[in-house]
Every structure is written in C-alpha cells, then in structure tokens.
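Below: the structure, in structure tokens.
Just so it is clear, none of the values below were taken in a lab; they were calculated from the coordinates. Worth saying up front: this structure is predicted, and the values here are computed from it rather than measured. No Cβ is skipped: glycine too gets one built from the backbone with ideal geometry, and neighbour counts run over all protein chains shown.
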Amino acid sequence: MTWQVDVLTLFPEMFPGFLGYSLAGRALEEQRWSLQTHALREFGSGRHKAVDDTPFGGGAGMVIRADILDAALEATKPQDNRPIIYLSPKGRLLQQADVKRFASGRGIYCICGRYEGIDERIFQKHAIEEVSVGDYVLSGGEPAALVLMDACVRLLPGVMGSDQSEVEESFSEGLLEYPHYTKPAQWAGLKVPGVLLSGHHGAIASWRKEQAKTITKERRPDLWATYQHRYGSGVS
Ligand code: ADE
C-alpha cells in the first residue's frame with residue numbers, strides 16, 4: 001500500500017513545494033508515496049469562510065476555531081490509524097526515531113496552523129501529536145510539514161540510492177556525520193586527509209568514526225552525552 005500524506009492547510013498551493021523536486025518528486029511521480037491536501041477554508045463559516053476568531057482573555061492575533069477544525073477533521077481524517085500531527089513550535093521536538101516510526105507506518109495526516117494557534121479543546125476530542133521541527137518560530141506549519149514529509153519520504157523503500165543507509169546509520173547511532181572529500185586530491189593548496197587515499201578500508205572506517213565523535217563532542221554535547229550513555233561511558 002502507498003505511503004500516504006494528507007495535509008490540512010489554509011494554503012494547499014504550498015504543496016508539494018520543494019518536495020516536487022529531486023528524489024522525493026520522482027518518488028511521488030512513481031507513486032511510492034501520495035499526497036492529498038485539504039483546504040481548511042472550505043470548512044470556514046459565513047460569507048467570508050472565516051476559520052479563526054479573537055482569543056478569549058484578549059491579546060494579539062487570531063486563533064483557529066475548534067468547531068471549524070473539527071468539521072474539517074471529521075470530513076477528511078484518515079480511516080486507518082495513521083497519526084494525526086499538528087505542527088507547532090510548542091510540540092515535542094522531532095527526532096529521527098519519530099521519523100522512522102512515521103515512515104514505517106501507513107503515512108501521516110498533518111495539520112498546519114497559522115495565526116497564534118488553534119483552540120486547545122481540539123486536543124481533547126482528537127488524538128493529535130504536537131510536533132516541532134526546531135527551536136525557532138516559523139510563520140506557519142506548512143514549511144514544518146514539508147520538512148517532516150521530506151525526512152519520512154527519504155526513508156521509504158526505493159526512494160533513495162543505496163548510499164542513504166550509511167548517512168542514516170551514523171545519525172541513528174547518535175553521531176554527526178564525518179567530513180567528506182572528492183577530487184581533485186589537491187585544490188587551492190589544500191590536501192585531502194592522507195588516510196582517505198590509502199586504500200585501507202579498516203583505517204578509513206576508524207578515521208571516520210573518530211572524526212564523527214570529535215565533531216559531535218564539539219558541536220553537540222547533548223548528542224555526545226546520549227551516545228556515551230548508550231554505548232557506555234568508556235567511549236571517548
Ligand atoms: N510552526 C511554527 N513554527 C514551527 C516549528 N518550529 N515547528 C513546527 N511547526 C511550527
């Protein structure tokens with residue numbers, strides 16, 4: 001069965017966006033995954049199809065109404081048990097483990113918000129996972145949904161070449177990637193690390209592992225602490 005993404009949004013024209021290009025785009029054409037957008041506006045109320053209103057208690061911005069969102073969800077939500085995901089900066093931070101879980105299921109249903117957010121009561125009626133793609137605030141959930149979709153689609157069978165697995169492995173293991181080099185071997189007076197030209201696969205593998213550890217230690221002490229915890233504090 002095809003891995004399916006549904007997106008509920010005020011801006012259906014933002015999809016598939018950059019996912020129409022490159023490997024994900026080709027995979028979409030090849031029907032390795034499918035994408036369906038649902039326009040939240042169609043469920044709006046009155047002549048202007050309003051979807052939002054001012055917040056109770058006052059304050060800036062507008063809030064998407066629970067009744068409107070509910071009507072849209074009831075009409076379009078998945079009949080299988082695909083997760084319903086609301087993209088939001090106050091969601092749980094997306095991890096590669098979540099991406100793997102989503103990619104190995106039947107697909108995902110994404111809700112994209114705008115304005116200040118959505119009426120909180122929606123979470124009491126529907127089982128919705130609130131997910132953030134990073135500790136920064138975007139102007140809406142759409143770019144976040146595209147990021148989430150990209151991370152999932154590249155893991156689907158047949159989407160990436162065989163070289164995907166290596167990058168995947170190092171990250172899943174909890175380390176950042178080692179540095180890469182290609183021809184020419186000398187450029188602007190700069191040399192490629194000698195071990196990479198040595199032909200010794202074992203030496204190359206251990207050099208790469210050391211580099212990955214060093215970079216992780218320097219740039220992401222949080223990941224490094226988790227790695228040490230996972231593989232024993234003896235690793236350095
Ligand atoms: N919407 C706005 N900012 C977001 C973020 N960082 N992650 C997910 N959805 C968002």
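Per the Kirkwood definition applied to all pairs of different Cα atoms, how many angstroms is the hydrodynamic radius of segment 4-50?
Averaging 1/r across every pair of different Cα atoms and inverting gives 11.8 Å.
Counting DSSP beta bridges with both partners in the chain, what percentage is antiparallel, nearest 5?
20
Per residue, what volume in Å³ does the convex hull of the Cα atoms of the chain enclose?
Spelled out: Cα convex hull of the chain, divided by residues, is 194 Å³.
Please go through the residue pairs LYS77/LYS100; LYS183/LYS217; LYS183/LYS209 and name each one whose alpha carbons sit more than 24 Å apart in this structure.
LYS183/LYS217
Once the dipole of the chain is set up with Lys and Arg at +1 and Asp and Glu at -1 on Cβ about the Cα centre, which of ALA144, ALA75, GLY113 lies farthest towards its positive end?
Comparing the listed Cα positions along the dipole, ALA144 ranks first.
Please identify, among TYR136, TYR86, TYR109, the residue showing maximal mean-square fluctuation in a Gaussian network model of the chain using a 10 angstrom Cα cutoff.
Residue with maximal mean-square fluctuation among TYR136, TYR86, TYR109: TYR136.
Determine Rg/Rh for segment 6-80; Rg is computed over alpha-carbon atoms and Rh is the Kirkwood hydrodynamic estimate from the same atoms.
Taking Rh as the inverse mean 1/r over Cα pairs, Rg/Rh reads 1.10.
Quick one: what does P(r) look like for segment 77-195 with 10 Å bins over all Cα pairs, in whole %?
The percentages, shortest bin first, are 11, 34, 28, 15, 8, 3, 0.
Please tell me the relative contact order of segment 85-161 in percent, rounded to the nearest whole number, where contacts are Cα pairs under 8 Å and at least six residues apart.
48
Convert each backbone phi in segment 10-15 into a coupling constant with the Karplus relation 6.51 cos²θ - 1.76 cosθ + 1.60 (shift: θ = phi - 60°), then list the ³J(HN,Hα) values in order as whole Hz, x for Gly and Pro.
7, 10, x, 5, 6, 10
Which aspartates and glutamates, if any, have their Cα less than 12 Å from the Cα of LYS213, not counting same-chain residues under 8 positions apart?
Result set, ordered by chain and number: GLU173, GLU177.
Say we join alpha carbon atoms closer than 10 Å with springs in a Gaussian network model of the chain; which of GLY117, GLY141, GLY194 then has the biggest fluctuation?
GLY194
Long-range amide H contacts for SER132: which residues qualify at under 5 Å (H placed 1.01 Å from N, peptide plane, sequence gap of 5 or more or a different chain)?
SER88, GLY91, ARG92, LEU93, LEU94
Between ILE108 and residues 5 or more places away or on another chain, which pairs have amide H atoms under 5 Å apart, with H built 1.01 Å from N, and which residues are they?
GLN4, VAL5, ASP6
Among ALA39, ALA205, ALA103, whose mean-square fluctuation peaks in a Gaussian network model of the chain (Cα, cutoff 10 Å)?
The residue with the greatest mean-square fluctuation here is ALA205.
Based solely on its DSSP helices, what 222 nm [θ] is calculated for the chain when runs of n ≥ 4 H residues each add -39,500 (n - 2.57) and the sum is averaged over all residues, nearest 500 deg cm²/dmol?
Value at 222 nm, helices only, nearest 500: -10500 deg cm²/dmol.
With both partners inside segment 1-67, how many of the DSSP beta bridges are antiparallel, as a percent to the nearest 5?
30
Compute the acute angle (0 to 90°) between the alpha-carbon long axis of helix 66-76 and the principal axis of greatest extent of the alpha-carbon atoms of the chain; round to the nearest 10°.
Relative to the chain, helix 66-76 is tipped by roughly 70 degrees.
For segment 138-218, take N as its residue count and report Rg(C-alpha) divided by 2.2 N^0.38 Å.
Relative to the rule-of-thumb radius for its length, segment 138-218 sits at 1.43.
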